[in-house]
Amino acid sequence: MFLCFLVFNSTSAQTNAIKVNPLGLAFGVANAGYEFTTSDSQTATISGIYYGVPGIKGFGVGAEYRFYFSTKEALKGWHAGPSVGYFSLEDDFNTSASVFSIGGEAGHQWVWDSGFLVDVFAGLGFVTGGDTLSGLNTTSAAIGVSIGYAW
């Protein structure tokens, strides 16, 4: 009986979220991530990425750390933080390359009581190529809208 009381009277603050960026599909990029709280106003995200644009395809992984500013509750409100990524890419001529990125993102995430969430974000980063792309050193910009579920 006491266990049931604890379960039904626990706080309703969400501490985990899964999300996808459906707009990326229009540009040949599929991105899904898992965000989890690390403190009252901070989270970490790990993500997987499929990259398939004409002439180039590949997979990647990313990590992001977010600081939430507008509330004392992580996963909700204005956020900003650093991000890193790694991509393994191959072109139509079977030339493969590793690409690394480091940068930052900022945005706003809404989470409803039902758990549905919308995350609007923009980012700026530095991209460098390894192996066969050793001359690649450039900046990158990104904007996106992710939808998902928080619990």
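Of the residues contained in the range 113-132, one or more are found to be on the phi > 0 side of the Ramachandran plot and modelled with pLDDT of 95 or more.
Determine whether the range 100-112 contains at least one residue that is open to solvent by 40 Å² or more (accessible area, probe 1.4 Å), among the acidic types (Asp, Glu) and over 19 Å from residue 32 (Cβ atoms). Among the residues of the range 100-112, not one is open to solvent by 40 Å² or more (accessible area, probe 1.4 Å), among the acidic types (Asp, Glu) and over 19 Å from residue 32 (Cβ atoms), which makes the answer no. With respect to the conditions (1) within 19 Å of residue 122 (Cα to Cα); (2) in contact with a strand residue (DSSP E or B) (Cβ under 8 Å, 6 or more places away or on another chain); (3) open to solvent by 30 Å² or more (accessible area, probe 1.4 Å), residue 25 falls short on a single one, namely (2). Only one of the numbered conditions (1) part of a strand (DSSP E or B); (2) over 18 Å from residue 150 (Cα atoms); (3) of a type outside the set (Lys, Arg) is not met by residue 110, and that is (2). Of the strands (runs of 3 or more DSSP E) lying entirely inside the range 1-82, those containing at least 3 residues that are touching an Asp or Glu at 6+ places or on another chain (Cβ under 8 Å) and modelled with pLDDT of 95 or more span 16-20, 42-53, 56-68.
The values are calculated or read from the model by the stated rules, or taken from the named source; none is laboratory data. Remember, predicted model here, so these are calculated numbers, not experimental data. Backbone-built Cβ (ideal geometry, glycine too); neighbour counts: all protein chains shown. Only protein heavy atoms, including side chains, enter the accessible area calculation; ligands, DNA and RNA are left aside. Shrake-Rupley method; radii C 1.70, N 1.55, O 1.52, S 1.80 Å.
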